[in-house]
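The structure under discussion appears below in the form of structure tokens.
The values are calculated or read from the model by the stated rules, or taken from the named source; none is laboratory data. These numbers come from a predicted model, not from an experiment. All Cβ positions, glycine included, derive from the backbone under ideal geometry; neighbour counts span all protein chains shown. These area figures cover heavy atoms from the full protein model, side chains too; ligands, DNA and RNA do not enter into them. Shrake-Rupley method; radii C 1.70, N 1.55, O 1.52, S 1.80 Å.
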Amino acid sequence: MDKNLYADHMATLCRRYDEILEQSGFDTLNVFSGAPRVQFLDDNYYPFKVNPHFKALVPITDNPHSWVIYQRGQKPKLLFYRPVDFWHYVPPAPQTFWSDFYDIELLSKPADAQAFLSPENAAFIGESDKLQGWPLGEENPELLINRLHWARAYKTPYEVACLREANRIAVNGHRAAEQAFRSGASEFEINQAYLGAAGQGENRMPYGNIVALNEHAAILHYTHLSTERLPEPQLKSFLIDAGADCNGYCSDITRTYAYADNEFAELVAAMDEKQLQLVDGLKPGLPYPELHRQCHLNVGELLAQFGIIKTSAENAVESGLTRPFLPHGLGHFLGLQVHDVGGHQTGPDGGTTPPPAEYPFLRTSRTIEENQVFTIEPGLYFIDSLLGELKDSDLAAEVNWDKVDSFRPYGGVRIEDNIVVHATGNENLSRTP
């Protein structure tokens with residue numbers, strides 16, 4: 001990663017943190033990376049997941065018991081944990097593109113951090129259950145965290161570069177996964193192909209990979225990963241929703257494939273066109289829920305085009321007929337977390353602006369602005385439980401149930417890209433060569 005790009009990022013970050021700390025009435029911010037947690041009645045640990053507020057200040061995702069101490073107007077201090085340990089890997093002292101921007105102290109024991117901490121006019125962000133009696137400061141103050149969450153929606157060029165690289169890595173994985181699918185691999189084997197091509201293990205993935213063959217694509221968060229290989233006559237469809245990591249930043253890409261050249265393949269191609277239209281509709285000044293409504297109209301058009309419903313797209317949206325076929329939101333903020341924070345936040349100080357009542361699972365109600373990063377992921381599914389409710393409703397007569405049944409074995413289709421909103425237009429990170 002370019003050091004000058006990171007220098008500009010740190011300058012922006014320091015201005016941001018200085019202002020937010022002053023507004024919130026603090027001089028110092030103590031941020032804990034976190035501590036591993038032992039599995040119940042065992043001596044093994046759960047996979048470590050870093051505090052996102054820690055990796056917002058330094059690109060370290062895999063080192064527990066570390067700290068960033070940020071004081072207004074001063075160079076950040078990094079307390080980097082390096083135990084004396086012959087059981088486990090001990091990371092080297094940081095010497096990389098970002099290390100010159102911190103005063104680095106090495107800790108051989110977690111408790112050594114206390115000598116550097118002061119609670120005086122300080123705030124603490126992190127989990128404190130293993131830090132009882134430590135000089136932390138005010139724990140997780142809501143106003144401070146709200147302001148930090150609001151600011152995270154606006155990405156610096158360094159952050160966009162990390163997201164761009166996370167997408168490049170994920171695209172390599174997606175290409176390998178499609179090849180494995182077409183060769184007849186099981187869901188488990190497809191996932192292994194993805195991880196191998198991405199060069200990242202499961203614990204580094206920003207979320208559990210969704211690798212779904214046939215009707216499993218109708219399970220929105222399917223992560224079971226069957227080891228069963230399906231014979232070629234049974235192979236119908238493949239949906240993969242998987243990302244990657246770069247310096248703590250996430251990608252989140254979904255693709256759907258038909259095994260044969262048939263009507264479902266036509267539906268996938270048509271959804272791809274509708275998804276790109278929605279990407280083009282991502283414009284500064286537009287409330288995100290309005291684009292979500294346009295998404296339902298696009299899905300309604302597909303339902304009518306393929307003879308799944310007997311009414312117009314406009315009528316289907318108005319009556320709620322599109323909702324059983326698209327029960328999730330159009331997309332969400334993307335950044336240090338795959339469902340990044342602040343999507344329903346009303347303003348810098350907090351407050352909640354809920355999504356429209358008819359679309360309760362929409363993850364952002366914000367107005368689209370420059371330098372924000374979103375996923376755009378329309379879908380169309382054949383989910384047995386939702387279709388059962390629809391069949392028992394007043395809208396049942398508007399559905400061609402024979403056509404629904406013909407599509408059920410394919411599960412559904414979702415296409416998802418990661419989009420940066422620039423002043424001069426959108427950048428589709430997932431489709432950039």
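By average Cβ neighbour count within 10 Å, what is the ranking of 299-305, 277-283, 175-181, 371-377 from highest down?
Details: 299-305: 20.9, 277-283: 16.9, 175-181: 19.3, 371-377: 23.3.
Sorting 299-305, 277-283, 175-181, 371-377 by mean packing, highest first, produces 371-377, 299-305, 175-181, 277-283.
Name the shape class, rounded, prolate or oblate, that the alpha-carbon gyration tensor gives for the range 82-164, where a ≥ b ≥ c are the square roots of its eigenvalues, rounded holds for a/c under 1.5, and otherwise prolate holds if a/b is larger than b/c and oblate otherwise.
Working: a/c = 2.12, a/b = 1.09, b/c = 1.94.
Note, shape of the range 82-164 comes out oblate.
Suppose a student asked you for the relative contact order of the chain, using Cα pairs under 8 Å spaced at least 6 residues apart; what percent would you report?
Working: 836 pairs, mean separation 63.1, N = 433.
In percent, rounded to a whole number, it is 15.
From the P(r) of the range 281-427, could you give the percentage of C-alpha pairs in the tail past 28 Å? Kindly include the intermediate steps, with their values, before the conclusion.
On the way: 2687 of 10731 pairs.
It works out to 25 percent of all Cα pairs.
Determine the per residue accessible area of the chain with all protein chains present and a 1.4 angstrom probe, expressed in square angstrom. Mind dumping the intermediate values first?
On the way: 19080 Å² over 433 residues.
Dividing the accessible area of the chain by its residue count gives 44 Å².
For helix 187-198, report the angle its Cα long axis makes with the longest principal axis of the Cα atoms of the chain; keep it between 0 and 90° and round to the nearest 10°.
Roughly 50 degrees between the two axes.
HN-Hα J couplings of the range 171-176 from phi, Karplus 6.51/-1.76/1.60, θ = phi - 60°, integer Hz, Gly and Pro as x?
So the Karplus estimates, Gly and Pro as x, are 4, 4, x, 5, 5, 5 Hz.
What length, rounded to one decimal in nm, is gained on full extension from ASP112 through to ARG182, with 0.36 nm per residue of separation minus their alpha-carbon distance? Please report the intermediate quantities before stating the final value.
Numbers: separation 70, 0.36 × 70 = 25.20 nm, distance 5.39 nm.
Full-extension gain reported as 19.8 nm.
Please give the net charge around LEU195, taking every other residue with its beta carbon less than 14 angstrom from that of LEU195, where Lys and Arg add +1 and Asp and Glu add -1.
Details: positive: ARG175, ARG204; negative: GLU187, GLU189, GLU202, ASP245.
Computed value for this residue: -2.
Using modelled amide H (1.01 Å from N, peptide plane; none on Pro or chain starts), what sits under 5 Å from the amide H of ASN426, excluding residues fewer than 5 places away?
Amide H neighbours of ASN426, under 5 Å, 5+ apart: none.
Which pairs, out of LYS3/LYS75; LYS49/LYS155; LYS109/LYS130, put more than 18 Å between their alpha-carbon atoms? Intermediate values should be presented prior to the final figure.
On the way: LYS3/LYS75 16 Å; LYS49/LYS155 22 Å; LYS109/LYS130 14 Å.
The pairs that break the limit, which is 18 Å between Cα atoms, are LYS49/LYS155.
Return a whole-number percent for the relative contact order of the range 57-156, with Cα pairs under 8 Å and 6 or more residues apart as the contact set. Provide the component values of the computation, followed by the final result.
On the way: 108 pairs, mean separation 19.4, N = 100.
19 percent.
Of all DSSP beta bridges in the range 122-254, what percent run antiparallel (nearest 5)?
DSSP beta bridges in the range 122-254 are roughly 80 percent antiparallel.
Rg to Rh for the range 304-383: what is it, with Cα atoms only and Rh by Kirkwood? Working shown, then result.
Numbers: Rg = 15.1 Å, Rh = 14.4 Å.
My calculation puts Rg/Rh at 1.05.
Would you kindly derive the ³J(HN,Hα) couplings of the range 83-91 from the backbone phi angles with the Karplus curve 6.51 cos²θ - 1.76 cosθ + 1.60 (θ = phi - 60°), listing them in order in whole Hz, with x for Gly and Pro?
Taking θ as phi minus 60°, the curve returns x, 8, 8, 9, 8, 10, 5, 10, x Hz for the range 83-91.
Counting only DSSP beta bridges with both residues in the chain, what percent are antiparallel, rounded to the nearest 5?
Numbers: 38 of 49 bridges.
Once the DSSP bridges in the chain are tallied, antiparallel ones form about 80 percent.
Take the solvent-accessible surface of the protein heavy atoms, probe 1.4 Å, and return the percent of it on the chain that carbon and sulfur atoms account for. Write out the running numbers ahead of the final one.
Working: 9360 of 19080 Å².
The value for the chain is 49 percent carbon and sulfur by accessible area.
Label 7 Å along Cα→Cβ of HIS344; the range 247-289 residues with amide nitrogen under 16 Å?
Counting only backbone N, you get 288-289.
Give me the net charge of ALA153's neighbourhood, meaning all other residues with Cβ under 15 Å from the Cβ of ALA153; Lys, Arg count +1, Asp, Glu -1.
On the way: positive: ARG16, ARG147, ARG152, LYS155, ARG363, ARG366; negative: GLU159, ASP340, ASP349, GLU369, GLU370.
Combined, the nearby Lys, Arg, Asp and Glu give +1.
Based on the Kirkwood radius over alpha-carbon pairs, what value in µm²/s does the Stokes-Einstein equation return for the translational diffusion coefficient of the range 353-428 at 10 °C and 1.306 mPa s?
Values: Rh = 15.5 Å.
Stokes-Einstein gives a translational diffusion coefficient of 102 µm²/s.
For Kirkwood radius over Cα pairs in Å, one of [x] 23.4; [y] 24.3; [z] 22.4 was computed from the structure I shared and the rest are decoys. Which label?
[x]
Given the convex hull over the Cα atoms of the range 270-336, what projected area results after averaging over all orientations, in nm²? Display every interim value, and only then the final one.
Numbers: hull surface 20.6 nm².
Mean orientational projected area (the range 270-336, Cα hull): 5.1 nm².
Considering every pair of different Cα atoms, what Kirkwood radius, in Å, is found for the range 207-305?
Numbers: mean 1/r = 0.0639 Å⁻¹.
Hydrodynamic radius (Kirkwood, Cα pairs) of the range 207-305 is 15.7 Å.
Give me a comma-separated list of calculated 3J(HN,Hα) values for the range 22-27, in order, Karplus coefficients 6.51, -1.76, 1.60 applied at θ = phi - 60°, integers in Hz, x for any Gly or Pro.
Those phi angles translate into 5, 4, 8, x, 10, 9 Hz.
All other residues with a Cβ under 13 Å from the Cβ of TYR381 taken together, and with Lys, Arg as +1 and Asp, Glu as -1, what is their net charge?
Working: positive: ARG323, ARG408, ARG414; negative: GLU215, ASP241, GLU377, ASP384.
Net local charge, TYR381 excluded: -1.
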